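**Q** One structure coming up, written as structure tokens, with questions to follow.
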Amino acid sequence: MTGDDLDKAQSGETVALSLDEVFALSRSVLLAAGLTAEQANPVARVITEGQRDECHSHGLFRLPGCVQTINHPRFNRAAVPVVESTTAAVTRVDADFGFSLPALEAAMPRFVEKARAIGISVLAINNCFHFSALWPEIERLTAQGLVAIAMTPSHSWVAPAGGTKGALGTNPLAFGWPRMGADGQPRDPYVFDFATSAIARGDISLHKMAGKPLKEGWAIDAEGNPTTDAAAALDGAMLTFGGHKGSALSTMIELLAGPLIADMTSLESMEFDDGGKAAPCHGELLIAFDPTILGGGSRDNQASSERLFGAITDQGARLPSLRRYEARARSLAHGVTIPRHLYEQILALPRAG
Ligand code: NDP
Ligand code: PYC
């Protein structure tokens, strides 16, 4: 907790929670909403990790939306993921119309084992409701010494470059590279995880709640005019980052984590939702590489990657995830603070036990 956070907590604007309290609160709300413990535990863990790393759009803020998702008629509260080992490189897991995270957990051992055995492993998650940031799963893979990529569509809230209506999702893309310190000990991995929209939709909602204007270039209103008003943006369409480049990258994610793995695009996910305002339901694609096999040991991949990271940081630029790692250290030492209105919104939800 920073000094500023402490002031706000003392003035009553925010509420201080330990990480154990964040997990217990999340779990009890998810159980009361009707999830099994097998579904609730991985979801509560990722919400806690999001709050711990001060990723406010994907921490406790997501809990009311998870309850809304669980109450959607197409959500399966008793979902049991089914893992299918398709080829030497490919694993598929059917999430059974539950959340993505329990399916990922069920498939993870086989996914990792295949990367270790043949150097590359592809995991297709199907039929999953998806609300979470991708870096927690990327970090699970880098912790095993693997290089990893993950991507997923969402709902069609985002206009393509040159267009005026939602056709693409906010489609996150995440990448992780494991790092070793000079002492041979693992250090925080290089990880980026970003929406291919100019900003995550969750952040637009947070701007609306805080009454803050959006940056120019993030969104257009329902008539297709540029807007910095969060409510108008939520009714209109978001824009991709980087113009036509983000638009193409987002389209690639639609194709790879949609039709390629026989799952829904963001357009189809939005139709499937049928106005229920649940988290998007679709597929997710993950790829893991074992650097010891791909590099064949012919070159010190850590020395050259560290040289590259040094060339970035030595000129004052920062690596992605540094903000998160600093927030994590703070939260592990002192817990987190959340806005009181969010805490009260969560306390108003039914809780188990
Ligand atoms: P941001 O734009 O805030 O950050 C994107 C990435 O860039 C992060 O890895 C961040 O690291 C890094 N970064 C930010 N600023 C800098 C900088 N100055 N120098 C170097 N690196 C920097 O995130 P988004 O709004 O695009 O996305 C937020 C989250 O939303 C993601 O975790 C994503 O997975 C999630 N999301 C999930 C969706 C889903 O369907 N499940 C859909 C869309 C988004 P750091 O965190 O350390 O700042
Ligand atoms: O913030 O864009 C977003 C988002 C969509 C699904 C989960 N998060």
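**Q** Can you list the aspartates and glutamates whose alpha carbon sits under 13 Å from that of Lys212, skipping same-chain ones fewer than 8 residues off?
**A** Of all the aspartates and glutamates, those that pass the test against Lys212 - Cα under 13 Å, at least 8 places apart if same chain - are Asp203, Asp229.
**Q** If you take the square roots of the eigenvalues of the alpha-carbon gyration tensor of the stretch 44-114 and sort them as a ≥ b ≥ c, do you get rounded (a/c under 1.5), prolate (a/b over b/c) or oblate?
**A** Here the stretch 44-114 falls in the oblate category.
**Q** At 25 °C and 0.890 mPa s, grab the translational diffusion coefficient of the stretch 281-349 from Stokes-Einstein with a Kirkwood Rh over Cα pairs, rounded to a whole number in µm² per second.
**A** After rounding, the answer is 145 µm²/s.
**Q** Further, regarding this structure: With the chain treated as a Gaussian network of Cα nodes joined by springs under 10 Å, which of Asp203, Asp290, Asp235 yields the largest mean-square fluctuation?
**A** In the Gaussian network model the winner is Asp235.
**Q** Once you order the gyration tensor axes a ≥ b ≥ c over the Cα atoms, which shape class does the stretch 237-285 get: rounded for a/c under 1.5, otherwise prolate or oblate by comparing a/b with b/c?
**A** It comes out oblate by the Cα gyration axes.
**Q** Related question: Would you report the distance distribution of C-alpha pairs in the stretch 166-302 as whole percents per 10 angstrom bin, up to the bin with the largest distance?
**A** 11, 31, 29, 18, 10, 2
**Q** On to the next question. Just for the Cα atoms in the stretch 1-121, what are the lengths along the principal axes, largest first, rounded to whole Å?
**A** 58, 36, 20
**Q** To the nearest 20 Debye, how big is the dipole of the chain about its Cα centre, given +1 on the beta carbon of each Lys and Arg and -1 on that of each Asp and Glu?
**A** 320
**Q** Same structure again: How much length is gained on full extension from Ala89 to Leu260, taking 0.36 nm per residue of separation minus their Cα-Cα distance?
**A** Numbers: separation 171, 0.36 × 171 = 61.56 nm, distance 1.53 nm.
Result for the pair: 60.0 nm of gain on full extension.
**Q** Relative to 2.2 N^0.38 Å, what does the C-alpha radius of gyration of the stretch 143-227 come to as a ratio? Two decimals please.
**A** Dividing the Cα radius of gyration by 2.2 N^0.38 Å gives 1.47.
**Q** May I pose another question? Suppose R0 equals 45 Å; then what is the FRET efficiency for Arg116 and Arg330 from their Cβ-Cβ distance, rounded to the nearest 0.05?
**A** With a Förster radius of 45 Å, E is 0.85.
**Q** Describe numerically, in nm with one decimal, the distance between label points set 7 Å from Cα along Cα→Cβ at Ala32 and at Leu308.
**A** Computed distance between label sites Ala32 and Leu308 equals 4.8 nm.
**Q** Output the Cα-based Rg and Dmax of the stretch 66-166 in Å, rounding Rg to one decimal and Dmax to a whole number.
**A** Looking at the stretch 66-166, its Cα Rg and Dmax stand at 15.5, 47 Å.
**Q** In whole Å, how far is the Cα centre of the stretch 19-65 from that of the stretch 288-319?
**A** So the separation of the two Cα centres works out to 34 Å.
**Q** Now, a different point. Given N residues in the chain, what is Rg(Cα) / (2.2 N^0.38 Å)?
**A** Normalised Cα radius of gyration, the chain: 0.99.
Read-outs throughout are calculated quantities, based only on the coordinates presented, and are distinct from any laboratory measurement. Computed from a predicted model, the values in this text were never measured in an experiment. Cβ sites come from the backbone with ideal geometry, for glycine too, and all protein chains shown count toward neighbours.
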